[in-house]
Amino acid sequence: MDDLFARARRRIPGGVNSPVRAFGSVGGEPFFTARGEGAHLVTEDGRRLLDYVQSWGASILGHAHPVVVEAVQRAAADGTSFGTPTRREVELAETVADRIPSVEKVRLVSSGTEAAMTAVRLARGATGRAKLLKFAGCYHGHLDALLVAAGSGVATLGLPGSAGVTPGAVADTVVVPFNDRKAVDAALDRHPGEFAALLVEPVAANMGLVPPAPGFLEFLRERATAHGALLVFDEVITGFRIGPAGAQGRFAVAADVSIYGKVLGGGLPLAALGGPAAVMDELAPLGPVYQAGTLSGNPLATAAGLAVLGALTDDHYAELERRATTLTTGLAAALADAGIAAQAPRAFTLAGLFFRPDPVTDYAEAQAADAAAYARFFHGMLDRGVYLAPSAFETMFPSLAHTDDDIARTIECAAEAARDVARA
Ligand code: KE4
């Protein structure tokens, strides 16, 4: 078989089109996927892997689900992009607004980064303020202003931020620890009246999985209102994933601007930001905050997104939560039985894994977890046909295609892989 990775490295930096795919923090070379089948990936070298990455959370029904494939095939037959308004953009915006009480209007874009970048500019334009408060370990895409103490690929590669991000680009970005109320108050008090936005992943999933402490989101809601800043929930992962109305539904906390992606696009390049009309109407062409995109609201992506949202019922979320519970309970037991200090947190339908003796509440604690043990466990599982994220700073996404047998097999593999880790 031709060496795809060697060819890739000759023509693509690092051989990948997104750094976290490169296996940099777990070692070894990435496999190449030929196709997806429900809960599985089929690799170019013929392996069939049980996939808990599910395109980093973009797939919730499982890969190549018929309703998505048929919707995209039908849409493609009519053309791939028009650069004009289309019916499905209206239908998708209406669907999001119907499900998220705080969202009256929606702007569709092509990636989570683009949605976050637009949300930052919108918050600054709407408030006339410059400062941004973000949380260490949260990741909002690779926009300059938020590439400080970011999670996901930035954390995976151990980068302080990124070369090319100028001090000026982050001069107005204040970073505090997740779940740290005192640090939030200190930042707000240090810069009274200057914050345009408080940005947060309502359930942090890019430093590993770290749920908000009880009352933390309500605290951020109250402080944002008190200080005249917009509360921006980055729900690219949690949106339509942890419940029908994402984190805002689960925690009953309304954001001023909400960011969506992944599930919303059904695996196609689509993301969105939404909020009250009074805020969203600041966006061009109505308002002075410019934003644009050739492929925004792409007809194939809106077809996929509508197909996925149309297929999801409340019962499906209950089922996903049951599977995540079985998975995390089983993983915790398997690792404990092998005498390994590990945590397997769950946030509704999301599952996490940290190699450390006690629960993780912020980025510093996530960074203190045993990344080498994670890497050994990752390979032990991959060798047994189970694909976890190739980074300790990500999350597991059981899909509706993962059967009880799949999860039982995962736990069996974990017990064996845990013994490998213990022996190392
Ligand atoms: P994209 O620009 O990658 O579509 O979305 C950026 C983004 C924004 N907000 C949150 C909460 C996110 O998790 C992401 C992207 N997630 C990572 C994985 N956790 C993408 C994987 C990658 O970078 O390849």
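The values are calculated or read from the model by the stated rules, or taken from the named source; none is laboratory data. What you see is a predicted model; the values in this text were computed from it and never measured. Please note: Cβ atoms are built from the backbone with ideal geometry, for glycine as well, and neighbour counts cover all protein chains shown. In case anyone asks, the SASA skips ligands and DNA or RNA and just uses the protein heavy atoms, side chains included. Shrake-Rupley method; radii C 1.70, N 1.55, O 1.52, S 1.80 Å.
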- Note on the structure: Which of Gly249, Gly352, Gly46 fluctuates most in a GNM of the chain (C-alpha springs under 10 Å)? That residue is Gly46
- Note on the structure: Counting only residues 5 or more apart in sequence or on a different chain, those whose built amide H sits under 5 Å from that of Val174 are Leu132, Leu133, Lys134
- Item | For the range 1-57, Kirkwood radius (reciprocal of mean inverse C-alpha pair distance, Å) | 12.2 Å
- Spin-label pair Ala213/Glu91, simplified geometry with 7 Å Cα→Cβ offset, distance in nm: 4.6 nm
- Message: Which one, Leu133, Leu309, Leu286, has the greatest fluctuation when you compute a Gaussian network model over the chain with C-alpha springs under 10 angstrom?
- Response: Leu286
- Message: For a quick check: with amide H placed at 1.01 Å from N, whose amide H comes under 5 Å from His40's, ignoring anything fewer than 5 positions away on the same chain?
- Response: Asp51, His63
- Item | Other-chain or far-sequence residues with amide H under 5 Å of Ala271's (modelled H) | Val109, Ser110, Ser111
- Query: What is the spin-label model distance, in nm, from Ser55 to Asp358 if the labels are put 7 Å beyond Cα along the C-beta direction?
  - Reply: 4.1 nm
- Item | Backbone HN-Hα couplings from phi across the range 237-250 [Karplus 6.51/-1.76/1.60, Hz, Gly and Pro as x] | 8, 6, x, 6, 10, 8, x, x, 10, x, 5, 5, x, 6
- Can you tell me the relative contact order of the range 7-125? Whole percent, Cα pairs under 8 Å, sequence separation 6 or more. 10 percent
- Note on the structure: On the accessible surface of the chain, probed at 1.4 Å with all protein chains in place, carbon and sulfur together account for a percent value of 54 percent
- So what is the relative contact order of the chain, in percent, for Cα pairs below 8 Å that sit 6 or more residues apart? 22 percent
- Starting from the Cα-Cα distance between Ser162 and Thr403, subtract it from 0.36 nm times their residue separation and give me the gain in nm to one decimal. 82.8 nm
- Message: Suppose each label sits 7 Å from its Cα in the direction of the beta carbon; what would the Asp420-Glu44 distance come out to in nanometres?
- Response: 2.3 nm
- Per the 1/(1 + (r/R0)^6) rule, R0 = 30 Å and r from the Cβ atoms of Asn17 and Asp281, FRET efficiency to 0.05 is 0.30
- Could you compute the FRET efficiency for Asp3 and Asp383, with r as their C-beta to C-beta distance and R0 at 30 Å, rounded to 0.05? 0.90
- Task: Kindly provide the chymotrypsin sites (Phe, Trp or Tyr not before Pro) of the range 247-317 that DSSP labels as loop, not H, G, I, E or B, and whose Cβ sees at most 14 other Cβ atoms within 10 Å.
- Result: Tyr290
- Item | Geometric extent, Cα atoms of the chain - Rg, Dmax (angstrom) | 20.8, 63
- Query: Counting every Cα pair in the range 168-250, what percent are over 14 Å apart?
  - Reply: 65 percent
- Task: Compute the FRET efficiency between Ala252 and Arg322 as 1/(1 + (r/R0)^6), taking r as their Cβ-Cβ distance and R0 = 22 Å, and round to the nearest 0.05.
- Result: 0.50
- Message: Quick one: 3J(HN,Hα) in Hz for the range 109-115, Karplus 6.51/-1.76/1.60 with θ = phi - 60°, rounded, Gly and Pro as x.
- Response: 9, 10, 7, x, 4, 5, 5
- Solvent-accessible heavy-atom area per residue, rounded to whole Å², over the chain at 1.4 Å: 40 Å²
- Gain on full stretching of the segment that runs from Ala372 to Ala336 - 0.36 nm per residue minus C-alpha separation: 11.2 nm
- Task: Find the centroid of the Cα atoms in the range 393-424 and in the range 1-66, then give the distance between the two in whole Å.
- Result: 18 Å
